[in-house]
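Student: Have a look at this one.
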Amino acid sequence: MGFATDAIHVGQEPDPATGAIVPPIYQTSTYVQEALGKNKGFDYARTAHPNRRALERCVAKLEGGLTAYVFASGMAGIDAVLRLLRPGDHVIVSQAVYGGVFRLTTQLLVHFGLEFDYVDTSNLAAVQKALKPNNKMFYVETPTNPTMIITDIAAVAKLARERNITLVVDNTFLSPYLQQPIALGAHIVVHSMTKYLNGHSDCTGGAVILTRQEDADRIYFLQRSAGSGLSPMDCWLVARGIKTLAVRMQQHDKNGMTIAKFLEGQPKVKRVLYPGLASHPQHEIAKKQQRGFGAMLSFDLGSIDAARALLNNVHLCSLAESLGGVETLISHPAMMTHASVPPDVRKQIGITDGLVRISVGIEDAEDLIADLSHALSKV
Ligand SMILES: Cc1ncc(COP(=O)(O)O)c(C=O)c1O
């Protein structure tokens, strides 16, 4: 079946007990056992529940994986993936990775004997140079948040497979509709489902999609041992959101390009970071490995004062953390999503004080342009 059909039907079969077209929310913590050692496939909601299983089937199918596990947040899923490693293992992480991953690795997981190097993974020579004998994982975010740097997934996958290294790709910014890392050679895909998969900004969630049974067994063990699985209600919300993923992404993609072109034409905007523009340094790679360019973009206004003037004068665009919802969100990475990244590192990876990030929603593009034009006039 096609992507949109799978998004609507996999894991969304009508309820066999009643015929309800929408699967019910199994809001229960425990399941009564028929006899000692005999149950209907579920015993306790931390371990598994029908809404989680259904969503996991759908997400695994959309990403082309063997299986998937869904978590209470993107970070809970990413934490589980990094705990596939053992003390003494080395990981190469995309340099401009999401601030939460930077915080998790530099402030928590290093204390458990893991070693991390933050490398520009868009530069294959830099990745090769950073390799160490104890390297076990490449953790790649593409495009990166918020600098929109693109890594050539197939090229990194080739290197990973030659060296028996696990390649993990964070596909949050594009969703499986616009990019399929497993088809390009990734072993594991992670998502903050809080973003495009849910699409309506009404719960947090994470997904880990696996291609190897041994990784899947370990991730499930971690999920049920740590109790980090997604709740029935939140699984149901994400599953509902996923039904419209294909149409939402088509509209996000159109609006993203429209807003990027508009901003590129504004004299007060110093540069626009959007992989769909020919001016983007990895435009050709994005064209090769993505089905579209999505709706995340950043632009530089040159100073914190200019960024503040814009952010304090938008009305339709909401000043908020997060991304990927139907409504347009605008943010200041240095003071918001990436505040936990030290200023010198922010500078090194291009998160300037004048940088503004937009998650372009699916409103009418002309209304967004009117709002941004008004705010730019105050800069
Ligand atoms: C690219 C990316 N990965 C992971 C995460 C973490 O996801 P969550 O906030 O659902 O824990 C985020 C959050 O913004 C993100 O932008």
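The values are calculated or read from the model by the stated rules, or taken from the named source; none is laboratory data. Keep in mind that what you see is a predicted model, and the values were worked out from it rather than measured. All Cβ positions, even for glycine, are placed from backbone atoms using ideal geometry, and neighbour counts span all protein chains on display. Quick note on the areas: whole protein, heavy atoms, side chains included, nothing else; ligands and nucleic acids left out. Shrake-Rupley method; radii C 1.70, N 1.55, O 1.52, S 1.80 Å.
Yes/no per residue for (1) in contact (Cβ under 8 Å) with a residue 12 or more places away in the chain; (2) open to solvent by 10 Å² or more (accessible area, probe 1.4 Å):
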site: 269; (1), (2): yes, yes
site: 273; (1), (2): yes, yes
site: 282; (1), (2): yes, yes
site: 296; (1), (2): yes, no
site: 326; (1), (2): yes, yes
site: 343; (1), (2): no, yes
site: 350; (1), (2): yes, yes
site: 355; (1), (2): yes, no
site: 366; (1), (2): no, yes
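Student: Determine the pairs where a residue that is hydrophobic (A, V, I, L, M, F, W, C) and in a helix (DSSP H, G or I), located within region 72-84, has a partner that is near the ligand (Cβ under 6 Å from one of its atoms) and open to solvent by 10 Å² or more (accessible area, probe 1.4 Å) with Cβ atoms under 9 Å apart, the partner being 6 or more residues away or on another chain.
Tutor: 75/98; 75/192; 75/204; 76/204; 78/98; 78/170; 78/192
Student: Among 353, 344, which is the only one that is part of a helix (DSSP H, G or I) and away from the ligand (no atom under 16 Å from the Cβ)?
Tutor: 344
Student: Something else now. If we keep just the residues of region 201-228 that are closer than 21 Å to residue 79 by Cβ and within 17 Å of the chain's Cα centre (by Cα), which is most open to solvent (accessible area, probe 1.4 Å)?
Tutor: 204
Student: Looking at (1) within 16 Å of the ligand (Cβ to nearest atom); (2) open to solvent by 10 Å² or more (accessible area, probe 1.4 Å); (3) in contact with a Gly (Cβ under 9 Å, 6 or more places away or on another chain); (4) at pLDDT 95 or above, can you tell me which one residue 337 breaks?
Tutor: For residue 337, the failing item is (4).
Student: Looking only at residues that are closer than 21 Å to residue 80 by Cβ, in a helix (DSSP H, G or I) and not hydrophobic (A, V, I, L, M, F, W, C) in region 94-142, which one is modelled with the lowest pLDDT?
Tutor: My answer is 99.
Student: Also: Just the residues that are open to solvent by less than 60 Å² (accessible area, probe 1.4 Å), assigned to a loop (DSSP other than H, G, I, E, B) and within 12 Å of residue 231 (Cα to Cα), please, taken from region 33-71.
Tutor: 45, 47, 48, 49
Student: Still on this structure: Every residue in region 62-93 that is within 14 Å of the ligand (Cβ to nearest atom), in contact with a Phe, Trp or Tyr (Cβ under 7 Å, 6 or more places away or on another chain) and farther than 20 Å from residue 203 by Cβ, please.
Tutor: The answer is 93, and nothing else.
Student: Which of the residues that make up region 305-324 are hydroxyl-bearing (Ser, Thr, Tyr) and touching a residue at least 60 places away in the same chain (Cβ under 8 Å)?
Tutor: 322
Student: Looking at region 174-200 only, could you name the residues that are of a type outside the set (A, V, I, L, M), within 14 Å of residue 289 (Cα to Cα), open to solvent by 10 Å² or more (accessible area, probe 1.4 Å) and assigned to a loop (DSSP other than H, G, I, E, B)?
Tutor: 180, 185
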